[in-house]
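Since the structure comes first, as structure tokens, the remarks are kept for the end.
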Amino acid sequence: MSMIKKNYFKRALSGTKPLFGLWQGIADTSVAEIGAGAGFDWLLVDAEHGPFDLRSVMNHLQAIEPYPVSAIVRPVEGSAALIKQLLDIGAQTLLVPMVDTAEQAKKIVAAAKYPPMGVRGLGTSMARAANWNRTTDYLEKANDEICVVLQIETLAGLRNIKEIVAVEGVDAVFIGPSDLSAAMGFVGNPGHRDVVAAIKEAFKVIHALGKQAGVLAVTKELADKYVQAGARFIGVGVDAALLANATRQLAAQFIDRSDDKETAGY
């Protein structure tokens with residue numbers, strides 16, 4: 001009987017139910033636990049923009065693990081060395097940002113897989129993922145439990161989307177609306193109709209090649225549109241933004257700063 005941890009997010013991708021998730025950008029495990037217990041299908045530990053290092057990513061994975069929610073890790077970039085470290089500490093699903101070419105995609109997939117499928121280095125005696133060599137079938141089963149999600153968020157990525165999606169070993173493709181909107185000339189407006197149209201067209205390509213599509217949509221209206229367009233996994237909030245907005249709104253209920261000279265300049 002296999003002892004390896006199953007990747008339930010990867011299995012759920014093959015279903016029909018949309019999977020809703022929360023971005024985790026605050027590098028504190030209490031926040032991770034709050035998010036993990038909220039009822040989402042998945043959480044994304046954002047080491048691209050959040051202040052995470054390898055140890056704090058591992059701490060987040062440890063905090064999330066007792067809860068019935070899948071963890072995804074977004075690294076700062078897709079180097080083979082970093083991917084190896086993240087997989088060894090227990091990440092099973094990676095969302096790699098800024099993928100522009102099929103050549104990048106092939107290198108990322110290879111970095112995530114053990115030979116002969118890839119070039120991931122073996123170090124299971126030091127790997128949390130293998131329970132420090134106590135998961136006896138880890139080397140045999142690990143490749144099947146790794147989920148590779150690539151993030152396309154530039155005009156170059158859109159131009160090369162067919163070739164990127166077609167790379168063997170790519171499980172899903174996430175379209176990043178923030179950077180894509182900037183690349184399209186709509187900085188700070190990921191809900192612009194032209195951006196939304198481009199994302200929906202990207203979904204069509206992804207689906208046509210038998211892969212699953214994901215996106216970030218922090219309004220219910222936009223999330224519903226993307227679900228209708230075939231998005232399988234949708235990020236619907238960011239922990240830091242939720243906290244910032246809620247605290248600002250709470251303060252505004254009680255404090256009128258419009259004519260407070262004592263706070264001028266603060």
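Sequentially through segment 61-67, phi angles give Karplus couplings (6.51, -1.76, 1.60; θ = phi - 60°) of 4, 5, 5, 7, 4, x, 9 Hz, Gly and Pro residues having no value and appearing as x. Subtracting the Cα-Cα distance of ALA81 and THR136 from their residue separation scaled by 0.36 nm leaves 17.4 nm. Counting only alpha carbon atoms, the long axis of helix 193-208 and the longest principal axis of the chain meet at about 20°.
For the chain, give the share of DSSP beta bridges that are antiparallel, in percent and rounded to the nearest 5; count only bridges with both residues there. Could you put the intermediate results ahead of the total?
Details: 0 of 30 bridges.
The answer is about 0 percent antiparallel.
GNM on the chain, alpha-carbon springs under 10 angstrom: the most fluctuating residue among ALA71, ALA166, ALA251 is ALA251.
Take each peptide in 208-216, 124-132, 153-161, count the other Cβ atoms within 10 Å of every residue, and average; sorted highest first, the result is 208-216, 153-161, 124-132. Return the FRET efficiency for the residue pair GLN62, HIS207: r is the Cβ-Cβ distance, R0 is 41 Å, and the value is rounded to the nearest 0.05. FRET efficiency, GLN62 to HIS207: 0.70. Spin-label pair ASP144-GLU163: with each label point 7 Å from Cα along the Cα-Cβ axis, the two points sit 3.3 nm from one another.
So for the chain, taking the charge dipole from beta-carbon charges (+1 Lys/Arg, -1 Asp/Glu), which of ALA38, ALA27, THR16 sits furthest toward the positive end? Comparing the listed Cα positions along the dipole, THR16 ranks first. If you take the beta carbon distance between GLU33 and ALA156 as r and set R0 to 30 Å, what does 1/(1 + (r/R0)^6) give as a FRET efficiency, to the nearest 0.05? About 0.20, to the nearest 0.05. Peptide packing for 22-29, 192-199 was compared via the average number of neighbouring C-beta atoms within 10 Å per residue; ordered from the highest value, the list is 22-29, 192-199.
Residue farthest toward the positive end of the dipole of segment 8-253, with Cβ of Lys/Arg at +1 and Asp/Glu at -1: which of ALA166, LEU180, THR101? Result: ALA166. Subtracting the Cα-Cα distance of ARG248 and GLU221 from their residue separation scaled by 0.36 nm leaves 7.4 nm. Hey, of [x] 123; [y] 141; [z] 151, which did the structure itself give for volume of the Cα convex hull per residue in Å³ when calculated? Here the calculated entry is [z].
For segment 8-253, the tally of Lys pairs with Cα-Cα distances below 12 Å comes to 6, considering only residues 8 or more apart or on different chains.
Using C-alpha pairs under 8 Å with a sequence gap of at least 6, the mean separation divided by the residue count of the chain gives a relative contact order of 19 percent.
If the viscosity is 1.567 mPa s and the temperature 4 °C, what translational diffusion coefficient in µm²/s does Stokes-Einstein give for segment 99-213 when Rh comes from Kirkwood over Cα pairs?
This corresponds to a translational diffusion coefficient of 83 µm²/s.
Bear in mind these aren't lab numbers, they're just calculated from the coordinates by the rules spelled out. Quantities reported herein were computed from a predicted structural model and do not represent experimental measurements. Using ideal geometry, Cβ is built from the backbone for each residue, glycine included, and neighbour counts are taken over all protein chains shown.
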